[in-house]
Amino acid sequence: MQVSLETTQGLERRLTITVPAESVDSAVKARLQQLAKTQRINGFRPGKVPVSVIKKRFGAAVRQEVAGDVMQRNFYEAIMQEKINPAGMPTFALTKDEDGQDLEFAATFEIYPEVEVKGLSDLEVEKTVVDIKAKDLTEMMKTLQKQHAEFKEVKRKAKDGDKVYISFVGTIDGEEFDGGKAEDFPLELGKGQMIPGFEEPLVGAKTGDEVVAKVTFPEDYHAEALKGKDAEFAITVTKVEGLNLPKVDDEFAVLFGVSEGGVDALKEEVKKNMQRELDQTLKSQVKESVIAALLEKNEVDIPAALLEQEVNALREQAKQRFEQQGNGANMPDLPADLFTDNAKKRVSVGLLLGEVIKSNKLEVDQERVDALIEQTASAYEDPSEVIEYYKNNQELLQQIQNLALEEQAIDTILAQAKVKEVKKSFDEVMNKKA
């Protein structure tokens, strides 16, 4: 086998490979002889068909098949010989292919770029520091109360957050219009369910009050006849309900699966969950900060094959999300342009972190892997069952190992970068996330 390598453009390379004639011809002959034993041709007994007859009928197809195998096999031998790392599948082109002559073909492909991660000591990374305060836990307990609150009738004036039951009639220029009338309609004040101006007169009203709301229908309103029209609604409040928060006691704790230890145990569990979510959020934020700084200092040549592969992966993920939402049926393929920028970023990050891992000789830290699995499992009712599932599922375990190695690379960069710690409140960080 003779091999010559040339650079065509950028990351693209072309291998021209020559395979000795006897190697190809002997493979063709062997395959024809095998066919002669199995083919049934009129006028010949099974297994007794002359090879010359088989060659006449199947020779071209057999040689094409053998050539495909020869190109695949010799390509992989050539890249090992030349110590080349292709970034995608090659394109083969036969340049010489005749009986009794050396077979020659060209394989065109891209290689991975030579990546050099520069300027780690100059990277400026912001790292957020948060302490969970007593007031944060108090606010979270209030949120839990609201999740289990019930509306109950009150004998006071309505305010934002209340539910009012109303009967109303809408008119335009003194005439009633279709869809502008209702009886005992439930409305939660402050949620903006109705068009602007409708709710305002209801704040401060009580059961039995009659109020008038003067409104203008938006220009983009769904009913064509009402777009942009001025209207009046005569509204009667038939009932006002206020949100009744449950008492925080042992029974309340049971609602969240805490059967022993009462409120104190519930608060401990809630704080633990808050800390877990906070840790995950902070980890994601500092990772994004590191990646942004890394990309700013390091430009990477991206192989087209890797970019296409990443675009297809993102497109498939988007399709699966649509299907889960019930919108995937008969959905056409989304344009590649929608995913190109994100795909470029992901490929660049992968190449840069890969070089950090390689140059620092990082290996998967098993303790970190175990910690990541335990962290995931802690959100489930039976963590031990989840841990066992992850450890016995090779695909999931590989994903966790890759994540651990990525985190190790981020830590390595952080150790060399200029890290600026910024103190923020729990509410600032988690509300920004939301």
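The values are calculated or read from the model by the stated rules, or taken from the named source; none is laboratory data. Given the structure is predicted, the values throughout are model-derived calculations rather than measurements. No Cβ is skipped: glycine too gets one built from the backbone with ideal geometry, and neighbour counts run over all protein chains shown. Each accessible area value is taken on the protein alone, full model and side chains, heavy atoms only, with ligands, DNA and RNA left out. Shrake-Rupley method; radii C 1.70, N 1.55, O 1.52, S 1.80 Å.
Numbers at a glance
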| read-out | value |
| --- | --- |
| Criterion violated by Gln193 - all others in (1) modelled with pLDDT of 95 or more; (2) open to solvent by 80 Å² or more (accessible area, probe 1.4 Å); (3) in a loop (DSSP other than H, G, I, E, B); (4) not acidic (Asp, Glu) satisfied | (1) |
| Check on Leu403, closer than 30 Å to Asn298 by Cα and over 23 Å from the mean Cα position of the chain (by Cα) | no |
| Candidates Arg73, Arg14, Arg63 - the one that is at pLDDT 80 or above, in contact with a helix residue (DSSP H, G or I) (Cβ under 6 Å, 6 or more places away or on another chain) and either assigned to a helix (DSSP H, G or I) or closer than 30 Å to Val300 by Cβ (or both) | Arg63 |
| Qualifying residue in segment 251-262 (condition: open to solvent by less than 60 Å² (accessible area, probe 1.4 Å), part of a helix (DSSP H, G or I), over 30 Å from Ile413 (Cβ atoms) and in contact with a His (Cβ under 9 Å, 6 or more places away or on another chain)) | yes |
| Search result, residues across segment 218-246 that are touching a helix residue (DSSP H, G or I) at 6+ places or on another chain (Cβ under 9 Å) and open to solvent by 60 Å² or more (accessible area, probe 1.4 Å) | Leu243, Leu245 |
| Segment 376-387 residues that are farther than 16 Å from Glu277 by Cβ, paired with ones that are of a type outside the set (Val, Ile, Thr) and surrounded by 15 or more Cβ atoms within 10 Å (Cβ to Cβ) (beta carbon under 6 Å, 6 or more apart) | Pro383/Ala377; Val386/Ala377; Ile387/Ala377 |
| Test: Pro20 is farther than 25 Å from Met89 by Cβ and modelled with pLDDT of 80 or more | yes |
| Unmet requirement for Ser348, which otherwise passes all of (1) assigned to a helix (DSSP H, G or I); (2) at pLDDT below 85; (3) open to solvent by less than 90 Å² (accessible area, probe 1.4 Å) | (2) |
| Residues satisfying the stated conditions in segment 119-134, i.e. assigned to a loop (DSSP other than H, G, I, E, B) and within 16 Å of Val419 (Cβ to Cβ) | Gly119, Leu123, Val130 |
| Pair list, Cβ under 8 Å, 6 or more apart: segment 234-247 residue over 17 Å from Leu202 (Cα atoms), other residue among the polar types (S, T, N, Q) | Leu245/Gln145; Pro246/Gln145 |
| Residues of segment 300-330 satisfying the condition of being at pLDDT 90 or above, assigned to a loop (DSSP other than H, G, I, E, B) and either β-branched (Val, Ile, Thr) or open to solvent by 40 Å² or more (accessible area, probe 1.4 Å) (or both) | Val300, Asp301, Ile302 |
| Condition check for Val154: among the β-branched types (Val, Ile, Thr) and farther than 30 Å from Lys206 by Cβ | no |
| Restricting segment 23-43 to residues that are on the phi < 0 side of the Ramachandran plot and either modelled with pLDDT of 90 or more or not in a helix (DSSP H, G or I) (or both), the residue that is nearest to the chain's Cα centre (by Cα) | Gln39 |
| Condition met for Tyr389 (touching a Leu at 6+ places or on another chain (Cβ under 9 Å), of a type in the set (Ser, Thr, Tyr), surrounded by fewer than 17 Cβ atoms within 10 Å (Cβ to Cβ) and modelled with pLDDT under 95) | yes |
| Filtered residue count, segment 50-104, keeping only those that are open to solvent by 70 Å² or more (accessible area, probe 1.4 Å) and of a type in the set (Val, Ile, Thr) | 2 |
| Search result, residues across segment 152-180 that are loosely packed, with under 15 Cβ neighbours inside 10 Å, farther than 16 Å from Val237 by Cα and touching an Asp or Glu at 6+ places or on another chain (Cβ under 9 Å) | Thr171, Asp173, Gly174 |
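Listed here are the residues, each with its yes/no results for (1) in contact with a helix residue (DSSP H, G or I) (Cβ under 9 Å, 6 or more places away or on another chain); (2) in a helix (DSSP H, G or I).
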residue	(1), (2)
Pro332	no, no
Leu352	yes, yes
Val356	yes, yes
Asp370	yes, yes
Glu385	yes, yes
Tyr390	yes, yes
Leu396	yes, yes
Asn402	no, yes
